[in-house]
Amino acid sequence: MKREIIKTSDGSTTIHIPEWNEQYHSIHGAIQEANHVYIQHGLNYKTINEIAVLEIGFGTGLNSFMTFLEAQENKLFIEYVGVEAYPIFEEELLKLNYVAELGATQFTKIFESFHLCSWEEKHQITPNFSLLKRKQFFHEIDDENKFDVIYFDAFGARVQPELWTEEIFFKMFLALKSEGVLVTYAAKGSVRRAMQSVGFSVERLPGPPGKREMLRAIKK
């Protein structure tokens, strides 16, 4: 499908898919959404400094790069795994403005390396941040008791309802350690009920700009 780079309301870019009228990030602000949903209510929810993160939908690399920046600032040790079935192209990468918008130009090469490094092998980006990218479909995930945090950033249920089912959330439940947390921008009742049905304790939280609510699910 055709993809194009657009600018969101906070000045940061995202990828738009015209055929679906769907974006990789919120049109109300890509960086604002990533910070609110995944950093503030996901990563920062954990009070430990060694955190294993699984991202469902590696996409533009924004969530991983912001996690990297958080790790540098707060001296966290992060093992990051990003799952993506359809990686973006290098020419798209060059049009994304996250490094400049985040005031992190000193890490430009690191952001580029997130996309240019090889798949299916672990890369030690810095002493406290490793990245493993896995090219796979979400239903193929079979990790168990491995992650502290899951960023669930799949395309919305409107266009890909098969990614928001009990089957997928059961895989997420198994992948998390006890007291692990899953966060997502979604807040649909059907999504919340699917999470609860597989054992998650789910709470509604205030959403990012342009969205009333989001969900956080905890493996008790």
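The values are calculated or read from the model by the stated rules, or taken from the named source; none is laboratory data. The model shown is predicted, which means the values in this text are computed figures rather than measured ones. Note that we place each Cβ from the backbone using ideal geometry, even for glycine, and neighbour counts take in every protein chain shown. Side chains are part of the model used for accessible areas, which takes the heavy atoms of the whole protein and leaves out ligands, DNA and RNA. Shrake-Rupley method; radii C 1.70, N 1.55, O 1.52, S 1.80 Å.
Taking segment 79-92 as the range and being in contact with a Leu (Cβ under 9 Å, 6 or more places away or on another chain) and under 22 Å from Leu54 (Cβ atoms) as the test, the residues that pass are Glu79, Tyr80, Val81, Gly82, Val83, Ile88. Taking the numbered list (1) more than 16 Å from Ala34 (Cβ to Cβ); (2) in a loop (DSSP other than H, G, I, E, B) in turn, Gly156 passes all entries but (1). Among the residues of segment 159-196, those identified as open to solvent by 30 Å² or more (accessible area, probe 1.4 Å), part of a helix (DSSP H, G or I) and either in contact (Cβ under 8 Å) with a residue 40 or more places away in the chain or of a type outside the set (Lys, Arg) (or both) are Pro161, Glu162, Glu166, Glu167, Phe170, Phe173, Leu174, Ser190, Gln196. As an exercise: evaluate Leu62 against (1) at pLDDT below 95; (2) under 15 Å from the mean Cα position of the chain (by Cα); (3) not polar (S, T, N, Q) and give the number of the one condition it does not meet. Of the numbered conditions (1) at pLDDT below 95; (2) under 15 Å from the mean Cα position of the chain (by Cα); (3) not polar (S, T, N, Q), the odd one out for Leu62 is (1). Whether a residue is of a type outside the set (Ser, Thr, Tyr), open to solvent by less than 60 Å² (accessible area, probe 1.4 Å) and under 26 Å from Phe138 (Cβ atoms) was assessed, and Phe107 does not pass this test.
If you filter segment 100-114 down to residues that are out of contact with any strand residue (DSSP E or B) (no Cβ under 9 Å at 6 or more places or on another chain), in contact (Cβ under 8 Å) with a residue 24 or more places away in the chain and in a helix (DSSP H, G or I), you find that the one that is farthest from Ala34 (Cα to Cα) is Phe107.
Only residues that are assigned to a loop (DSSP other than H, G, I, E, B), more than 19 Å from Ser113 (Cβ to Cβ) and out of contact with any helix residue (DSSP H, G or I) (no Cβ under 8 Å at 6 or more places or on another chain): list them for segment 71-86, please. Matches in segment 71-86: Lys75, Tyr86.
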